[in-house]
Amino acid sequence: MVRCFIGLGSNLDDPINQVKTALKELAEHSQLKLIQHSPLYVSEPVGPAGQPDYINAAAEIETSLSPEELLDLLQQIEQQHQRVRRERWGPRTLDLDILLYGETELNTERLTIPHPYLTERNFVLRPLADLDEKLSLPSGKKIINYLADCPMGTLVQLSL
């Protein structure tokens, strides 16, 4: 089993419910074990102007799936949520990203691990730090150090 971290985001069609439902689907999947998830956060969108705010979270899972098999599974879940890929960083019903996959570093046409923007986005770093303040990238640098250098912008934790 490999310890992995998944980023979740939504800004369409009841985003809070989209993220909560996706967390439930991760927890119920036979090839995954959901260890824990972060609180939900509201963040301003990255990308085209005029989008609604996002709901973001992170989940810690364990799986025996390969990185590519995990990506396939996450994309299937996105499809079940009617994810449509129209424009880069555009609005979406659900976005599931592999942030970290054990100590794996991977850069293929289809998948980059660690996630290429992980260290630049407060809505990824804060939920990861909520899950494990001592969490490090394969390079050895701690998530909390990246978070200290990342502008927080408008990141608000939801109290549900």
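Take the residues in segment 74-88 that are more than 14 Å from the chain's Cα centre (by Cα) and not charged (D, E, K, R); name whichever of them is modelled with the lowest pLDDT.
Only one residue fits best here, namely V84.
Return the residue satisfying two criteria in turn: it lies in segment 121-154 and is exposed (fewer than 14 other Cβ atoms within 10 Å of the Cβ) and among the charged types (D, E, K, R), and of such residues it is nearest to the chain's Cα centre (by Cα).
The selected residue is E133.
Within segment 109-160, track down each residue that is of a type in the set (D, E) and closer than 21 Å to I16 by Cβ.
Within segment 109-160, D130 is the sole residue that qualifies.
Conditions first: (1) surrounded by 15 or more Cβ atoms within 10 Å (Cβ to Cβ); (2) part of a loop (DSSP other than H, G, I, E, B); (3) among the acidic types (D, E). E103 passes all but one, so which condition is the exception?
For E103, the failing item is (1).
Taking the residues in segment 51-71 that are in contact with a Pro (Cβ under 9 Å, 6 or more places away or on another chain) and among the aliphatic types (A, V, I, L, M) as candidates, determine which candidate is surrounded by the most Cβ atoms within 10 Å (Cβ to Cβ).
Here the residue is A58.
Looking at segment 11-50, which of the residues that are of a type in the set (S, T, N, Q) and either free of Cβ contacts under 8 Å to residues at least 40 places away in the same chain or closer than 17 Å to N122 by Cβ (or both) is surrounded by the most Cβ atoms within 10 Å (Cβ to Cβ)?
Taking the candidates together, the pick is N11.
Please pick out the residue among Q82, Q31 that is on the phi > 0 side of the Ramachandran plot and either out of contact with any Ser or Thr (no Cβ under 6 Å at 6 or more places or on another chain) or of a type outside the set (A, V, I, L, M) (or both).
Answer to the check: Q82.
The values are calculated or read from the model by the stated rules, or taken from the named source; none is laboratory data. Note that the coordinates shown come from a computational prediction; the quantities given were computed from them, not determined experimentally. A quick note on method: Cβ atoms are made from the backbone with ideal geometry, for glycine too, and the neighbour counts reach across all protein chains shown.
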